[in-house]
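The values are calculated or read from the model by the stated rules, or taken from the named source; none is laboratory data. This structure is a prediction, so every number in the text was calculated from the model and none was measured. Every residue, glycine as well, gets a Cβ built from its backbone with ideal geometry; the counts of neighbours run over all protein chains shown. For the accessible areas, the whole protein counts, side chains as well, though only heavy atoms, and no ligand, DNA or RNA atoms are used. Shrake-Rupley method; radii C 1.70, N 1.55, O 1.52, S 1.80 Å.
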Amino acid sequence: MQVTAEDIKVISRLVNDLCGVVLDEGKGYLIEARLSGVAQEAGCKTFSELYTKARYDKDKTLQNAIINAITTQETLFFRDTSPFEALQHKALPELIDAKSGTAFPKRLRIWSAAASTGQEAYSIAMTLHELIPDIHSWDIKITGTDISDAAIKQASLGRYAEHEIKRGMQPQLLAKYFTHEPGAWKVKDELRALVAYRRLNLLEPFAGIGPFDIIFCRNVAIYFSVEARKSLFHRLAKELVAGGYLFVGSSESLTDLGPRFAPQHHCRAVFYQPSKQGIAAAV
Ligand SMILES: C[S@@+](CC[C@H](N)C(=O)[O-])C[C@H]1O[C@@H](n2cnc3c(N)ncnc32)[C@H](O)[C@@H]1O
C-alpha cells in the first residue's frame with residue numbers, strides 16, 4: 001500500500017495524538033512498512049481510509065492496533081548493564097539504608113515505565129532478588145507499564161523465546177529464575193509475583209500510580225516531541241519520593257531540563273535524583 005504526502009501528515013498527527021511518537025516527513029516508509037498490514041486487516045484500501053476509520057474508532061481496537069504496530073518494542077534483559085550495576089551497588093543499598101528506622105523499612109516501590117515486553121522489569125526483579133537475601137519478608141512491588149497492549153500481554157505471561165533470552169540473560173540467572181518449556185523460557189512465579197503489569201499511556205495523567213522509590217523510564221522519550229519529553233520527566237519526578245532515583249536510557253540526558261535534573265554518576269551509569277522544589281511550576 002502506497003503512502004501519499006497527505007497520508008503522512010494526517011497519520012503522523014494521529015500517531016502523535018495517540019502515543020506521543022513523532023513521525024517526521026521522512027517516515028513514510030515506516031508508515032508503509034508497519035501500517036499496511038493493519039490497514040488491510042481493517043478492510044481499508046488506502047491509508048486515508050485507515051486514518052478516517054481510526055480517528056473515529058469508538059472501541060479503540062484499531063487505535064490499539066496502530067499503537068502496537070508503530071511503536072518500537074526493542075528491549076532486552078539487563079539493557080546497557082551499567083544501570084543495573086548502579087541499581088545493585090548504589091541506589092538499592094542507599095535506599096535500604098535510608099529506610100531503616102522509618103515506619104516501612106522493608107517497603108520498596110519501583111516503576112518500569114514503558115516496560116515493553118517486560119525484560120526491564122524482570123531484570124530489576126532479579127537484581128533485587130540477588131541483593132536481598134530475605135526478600136520474602138519484604139513488601140516489594142515493581143509496576144511495569146506500557147501503552148502497547150500486545151507488549152503488556154507478553155510481559156504478564158513472562159514467556160520468552162530462545163532468541164530473546166540470548167539477549168542479555170546470564171546463564172546462572174536463567175537457571176535460577178526461569179523454567180524451560182517447549183520453545184521458550186518462563187519466568188518463575190517467585191519473580192513474577194514481584195511485578196504487576198498494566199497498560200498506561202505516559203501522555204496521560206498518572207492518577208494515583210506513585211509514589212515510587214525508583215523509576216526506570218528508558219528509551220521511550222526519544223520518540224516524543226521536545227515538549228512531551230520535558231513534561232514527561234517533570235511529571236515522573238513528581239511521582240518519586242524525596243531522594244528517589246530516576247534512570248533514563250543511555251543515549252538520553254536530562255541536563256537541559258534544569259538544575260533539578262543534575263546527573264549523578266556511579267561507575268559507568270548516569271541517573272537522577274530530582275529535587276521536589278519547584279516541580280509543580282515546571283510542569
Ligand atoms: C524501545 S521500548 C523501551 C523498552 C525498555 N524501557 C528498554 O529501554 O529496553 C519503548 C516502549 O515505549 C512504549 N511507548 C511508546 N509510547 C508510549 C506512551 N505514550 N506511553 C507508554 N509507553 C509508550 C512502546 O510501546 C515500547 O514498548
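Count Lys and Arg as plus one, Asp and Glu as minus one, and take only other residues whose Cβ is under 14 Å from that of Gly258; the net charge is then +3. Straightening the chain between Thr52 and Lys106 buys 14.3 nm, computed as 0.36 nm per residue apart minus the Cα-Cα spacing.
Excluding Leu246 itself, what net charge comes from residues whose Cβ is under 12 Å from its Cβ, given Lys and Arg +1 and Asp and Glu -1? Net of charged neighbours comes to +1.
Would you be so kind as to identify which of Val226, Pro263, Trp185 lies farthest towards the positive end of the dipole of the chain, taking Lys and Arg as +1 and Asp and Glu as -1 on Cβ and the Cα centre as origin? About the Cα centre, the residue reaching furthest to the positive side is Pro263.
Rounded to a whole number, what % of the accessible area of the chain do carbon and sulfur atoms account for, probe 1.4 Å? Of the solvent-accessible surface of the chain, carbon and sulfur hold 53 percent. The stretch between Asp256 and Tyr29, if pulled fully straight at 0.36 nm per residue, gains 78.6 nm over its current Cα-Cα span. Think of region 169-250 as having a plus end and a minus end, set by charges on the Cβ of Lys, Arg, Asp and Glu; of Cys217, Leu240, Tyr197, Cys217 sits farthest toward the positive end of this dipole. A Cβ-based charge dipole, computed about the Cα centre of region 1-96 with Lys and Arg at +1 and Asp and Glu at -1, lands at about 240 debye.
Once the 1.4 Å probe is applied to the protein heavy atoms, the chain comes out at 48 Å² accessible per residue.
Taking Lys99, Lys166 and ordering them by how much accessible surface each has at a 1.4 Å probe, largest first, produces Lys166, Lys99. Calculated translational diffusion coefficient of the chain (25 °C, 0.890 mPa s; Stokes-Einstein with Kirkwood radius over alpha-carbon pairs) equals 122 µm²/s. What nm distance separates the two modelled labels at Lys99 and Ile132, each placed 7 Å from Cα along Cα→Cβ? According to this spin-label approximation, the distance is 0.4 nm. One decimal place: the segment His180-Lys276 gains 30.1 nm when fully extended, by the rule 0.36 nm per residue minus the C-alpha distance.
Net charge dipole, the chain: roughly 440 debye, given to the nearest 20, about the Cα centre with Cβ charges of +1 for Lys and Arg and -1 for Asp and Glu. DSSP beta bridges fully contained in the chain are about 40 percent antiparallel.
When shorter helices are ignored and each DSSP H run of at least 4 residues is given -39500 (n - 2.57), the per-residue value for the chain at 222 nm works out to -11500 deg cm²/dmol. Sorting Thr81, Thr75 by accessible area puts them as Thr81, Thr75; the probe is 1.4 Å, largest comes first, and only protein heavy atoms count. The trypsin sites (Lys or Arg not before Pro) of region 180-283 meeting both criteria, a DSSP state outside H, G, I, E and B (loop) and at most 15 other C-beta atoms within 10 angstrom of the site's C-beta, are Lys188, Arg268, Lys276. Ser36 sits with roughly 20 Å² accessible to a 1.4 Å probe, with DNA, RNA and ligands left out of the calculation.
Its Cα centre serving as origin, region 160-283 has a Cβ charge dipole (Lys and Arg +1, Asp and Glu -1) of approximately 80 debye. When nucleic acids and ligands are ignored and a 1.4 Å probe is applied, Asp146 ends up with an accessible area of around 20 Å². 3J(HN,Hα) couplings calculated from phi for region 249-258 with the Karplus curve 6.51 cos²θ - 1.76 cosθ + 1.60 (θ = phi - 60°) are, in sequence order, x, 5, 9, 9, 9, 10, 5, 6, 8, x Hz; Gly and Pro show x.
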